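K.L.:
Submitted below is the structure of interest, expressed as structure tokens.
The values are calculated or read from the model by the stated rules, or taken from the named source; none is laboratory data. Please read all numbers here as calculations on a predicted model, not as lab measurements. Neighbour counts are summed over all protein chains in view; Cβ atoms, including those assigned to glycine, are modelled from backbone coordinates with ideal geometry. With ligands, DNA and RNA removed, areas are computed over all heavy atoms of the protein, side chains included. Shrake-Rupley method; radii C 1.70, N 1.55, O 1.52, S 1.80 Å.
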Amino acid sequence: NAGVTQTPKFQVLKTGQSMTLQCAQDMNHEYMSWYRQDPGMGLRLIHYSVGAGITDQGEVPNGYNVSRSTTEDFPLRLLSAAPSQTSVYFCASSFARTQYFGPGTRLLVL
Amino acid sequence: GESVGLHLPTLSVQEGDNSIINCAYSNSASDYFIWYKQESGKGPQFIIDIRSNMDKRQGQRVTVLLNKTVKHLSLQIAATQPGDSAVYFCAGHTGKLIFGQGTTLQVKP
């Protein structure tokens, strides 16, 4: 199993650009989530999904959209990038109480 | 609001010694807590969890203690090794996971 995979590993955007961060898992987990991690802070929940077709907002959802058309994929869309969205983004899938995190996408918004 | 916080941003220990990483939380309704290890450039990795109705849980070289009276939990690592060098996060679950800020564990050879 590849576990949780994320692409790209690193991205530079200009303010106002849009992009999609990809996340996929091959463990058939129903629950998936997106977090952002900023220096000196813990992970903060952006959006999550309890199954295909179902998504909900986390702590910091503004500026991000998600969809869940399949169990495997959970992309995160930045509609109009802002410098405040410079961060490291982690996708995770969960089974019971255990979350499996991807390797992260480092995003820089200029 | 609810919060989960770690007491020390950095902990430096000698190889072979025991490490204790502490965490405080504010929400008594958390039904379980989890400790994660994050190595540089990688995503967090599950270490151990503990349900809120337990006081202690042991894993391989790790022990988590939960004191609900003072809303405190700790992660103890026995015989700390260089490979234990990482950032350690605690997280409380109350419908969703709330993460603390992380403690960097440095292991001196």
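K.L.:
How many residues, within the stretch B:55-72, are assigned to a loop (DSSP other than H, G, I, E, B) and within 14 Å of chain A (Cβ to nearest Cβ)?
P.N.:
Qualifying residue count for the region: 1.
K.L.:
Of (1) away from chain A (no Cβ under 14 Å); (2) touching a strand residue (DSSP E or B) at 6+ places or on another chain (Cβ under 8 Å); (3) surrounded by fewer than 23 Cβ atoms within 10 Å (Cβ to Cβ), residue B:75 satisfies all except one. Which?
P.N.:
Of (1) away from chain A (no Cβ under 14 Å); (2) touching a strand residue (DSSP E or B) at 6+ places or on another chain (Cβ under 8 Å); (3) surrounded by fewer than 23 Cβ atoms within 10 Å (Cβ to Cβ), only one is false for residue B:75: (3).
K.L.:
For the stretch B:87-101, how many residues are over 17 Å from residue B:65 (Cα atoms) and either in contact with a strand residue (DSSP E or B) (Cβ under 9 Å, 6 or more places away or on another chain) or not small (Gly, Ala, Ser) (or both)?
P.N.:
Matching residues across the stretch B:87-101 total 7.
K.L.:
Just give me the residues in the stretch A:23-47 being without any contact (Cβ under 8 Å) to a residue 60 or more places away in the chain, hydrophobic (A, V, I, L, M, F, W, C) and either at positive phi or more than 10 Å from every other protein chain (Cβ to nearest Cβ) (or both), in sequence order.
P.N.:
A:24, A:34, A:46
K.L.:
I've got another one for you. Go through the residues of the stretch B:79-92 one by one and say whether even a single one is assigned to a loop (DSSP other than H, G, I, E, B), open to solvent by 10 Å² or more (accessible area, probe 1.4 Å) and among the aliphatic types (A, V, I, L, M).
P.N.:
Quick first cut of the stretch B:79-92, residues assigned to a loop (DSSP other than H, G, I, E, B) only: B:79-81, B:85.
Checking which are open to solvent by 10 Å² or more (accessible area, probe 1.4 Å) leaves us with B:79, B:81, B:85.
Among the residues that remain, those that are also among the aliphatic types (A, V, I, L, M) are: B:79.
Scanning the stretch B:79-92, I find at least one residue that is assigned to a loop (DSSP other than H, G, I, E, B), open to solvent by 10 Å² or more (accessible area, probe 1.4 Å) and among the aliphatic types (A, V, I, L, M), so the answer is yes.
K.L.:
Which condition number does residue A:73 fail, the rest of (1) away from chain B (no Cβ under 12 Å); (2) of a type outside the set (Ser, Thr, Tyr); (3) open to solvent by less than 40 Å² (accessible area, probe 1.4 Å) being met?
P.N.:
Against the list (1) away from chain B (no Cβ under 12 Å); (2) of a type outside the set (Ser, Thr, Tyr); (3) open to solvent by less than 40 Å² (accessible area, probe 1.4 Å), residue A:73 comes up short only on (3).
K.L.:
Looking at the stretch B:97-109 only, could you name the residues that are open to solvent by 60 Å² or more (accessible area, probe 1.4 Å) and either more than 14 Å from chain A (Cβ to nearest Cβ) or charged (D, E, K, R) (or both)?
P.N.:
B:106, B:108, B:109
K.L.:
If I go through the stretch B:23-53 residue by residue, how many of them are open to solvent by less than 50 Å² (accessible area, probe 1.4 Å) and of a type in the set (S, T, N, Q)?
P.N.:
Number satisfying all stated conditions: 5.
K.L.:
Take the residues in the stretch A:76-87 that are touching a residue at least 40 places away in the same chain (Cβ under 8 Å) and surrounded by fewer than 18 Cβ atoms within 10 Å (Cβ to Cβ), then tell me which one is nearest to the chain's Cα centre (by Cα).
P.N.:
Among those that are touching a residue at least 40 places away in the same chain (Cβ under 8 Å) and surrounded by fewer than 18 Cβ atoms within 10 Å (Cβ to Cβ), it is A:77.
K.L.:
Can you tell me which residue in the stretch B:1-18 is surrounded by the most Cβ atoms within 10 Å (Cβ to Cβ), limited to those that are among the polar types (S, T, N, Q) and within 27 Å of residue A:102 (Cα to Cα)? Give the steps one after another, and end with the answer.
P.N.:
Restricting attention to the stretch B:1-18, the residues satisfying the condition of being among the polar types (S, T, N, Q) are B:3, B:10, B:12, B:14, B:18.
Next, only the ones that are within 27 Å of residue A:102 (Cα to Cα) stay: B:3, B:10.
Details: B:3: 14, B:10: 10.
Selected residue: B:3.
K.L.:
Filter the stretch A:90-109 down to the residues that are open to solvent by less than 10 Å² (accessible area, probe 1.4 Å) and facing chain B (nearest Cβ under 7 Å), then identify the one that is farthest from residue A:17 (Cα to Cα).
P.N.:
Step by step, filter the stretch A:90-109, then rank; the result is A:102.
K.L.:
Residue check, residue A:62 against (1) within 14 Å of chain B (Cβ to nearest Cβ); (2) free of Cβ contacts under 8 Å to residues at least 12 places away in the same chain; (3) of a type outside the set (Val, Ile, Thr), all met but one. Which one?
P.N.:
The one condition residue A:62 does not meet is (1).
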